[in-house]
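Notes follow once the structure below has been shown.
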Amino acid sequence: MGSMTSPRSTVLKAMDALVMVLSSLMGLVAFLYPFFMKDLQQFNGPHAAAHAQDAPLVFTLLVLFAFGGVMGNMSLGGMDAKTVSLMAILGTFGAVMRFLPGPGGFSGLFFVPILGGYVFGPTFGFLLGNVALLISAFMGGGVGPWVPYQMLVTGWVGMASGWLPRFSTRSRSLAWMLAGWGILSGYLYGFVMNLWFWPFLYSPGASAIYWHPGLGVWDAVKRYVSFYLVTSLAWDSGRAIGNALLLFFAGIPVVKLLGRFAERFYFVVEG
């Protein structure tokens, strides 16, 4: 994280891009490979068994990529011990916010990765999303094969937040932009997360909203959209609206606070 004037900055940017690209490609493969299996075992019941066999591998790879990203940043001067400590503190705070009460799928967890990514950049946002989700899973006892997939999508939310347009903290445009992103990311999180179990499900009584091997791409898309609208849209609305309210009313003060930390962590690598 910082302003750099040496060739090392180019290496750092390339390494950051490589970490995010490899992590994201691994995530896409993990989410989408079931759709290419002709003998996928489907079931009519709880979806907790989905990805039970491959989730440990996905989790291990994700942790290795994240650890490599942190260590690479530290070795090249992109992060120091204070930055990593801040990430751990923010991750813990985000994990605690996950347990704020609210309607439907509301979760305060996304408040921290969104603002951390916005202030410190895509790499920090991706890693922070991973850390916050993992800590919250252990805190809440909700550890299962879904956790690495939640980590990935939360990381993507934090990463995308680093690419948001820049506005002055004195402008209400920042609050509106953050609120709008809160709504969009709230729905996108649920829309993407459902893919981790949807191809494994099957119900003879509702086959029009489920996937089965051999189904064409367009038919699969139509069925998935129908499945999402029927099962998840109302639930995700709680998350989207909650994100928007938190970010609109509290986003600017936190951006200012994190901005002060960012200024202290900025430095120049010479030579």
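Any read-out appearing in this document is the output of simple, stated calculations on the displayed coordinates, not a laboratory observation. Just so you know, these numbers come straight off a predicted model, no measurement behind them. Positions of Cβ are backbone-derived with ideal geometry, glycine not excepted, and every protein chain shown enters the neighbour counts.
If the Kirkwood radius is taken over C-alpha pairs of segment 126-254, then at 20 °C and 1.002 mPa s the Stokes-Einstein diffusion coefficient equals 130 µm²/s. Fully extending the segment from THR10 to LEU257 would add 86.1 nm, taking 0.36 nm per residue of separation and subtracting the current Cα-Cα distance. The chymotrypsin sites (Phe, Trp or Tyr not before Pro) of segment 127-194 meeting both criteria, a DSSP state outside H, G, I, E and B (loop) and at most 13 other C-beta atoms within 10 angstrom of the site's C-beta, are TRP163. Given contacts defined as C-alpha pairs under 8 Å and at least six residues apart, what's the relative contact order of the chain, whole-number percent? Relative contact order of the chain: 28 percent.
Taking Cα atoms only, the orientation of helix 217-231 departs from the longest principal axis of the chain by about 80 degrees. Full extension of the chain between GLN41 and THR231 yields a length gain of 66.2 nm, computed as 0.36 nm times the residue separation minus the alpha carbon distance.
Taking a sphere under 15 Å around the Cβ of SER207 and counting the other residues whose Cβ falls inside, with K and R at +1 and D and E at -1, yields a net charge of +1.
Annotation: Cα Rg of the chain relative to the compact-globule expectation 2.2 N^0.38 Å equals 1.05.
Since only MET193, GLY142, THR169 are under comparison, the one whose Cα sits farthest along the positive direction of the charge dipole of the chain, derived from C-beta charges on Lys, Arg, Asp and Glu, is THR169. Estimated at 0.36 nm per residue, the fully extended path between ALA81 and LEU215 surpasses their Cα-Cα distance by 43.2 nm.
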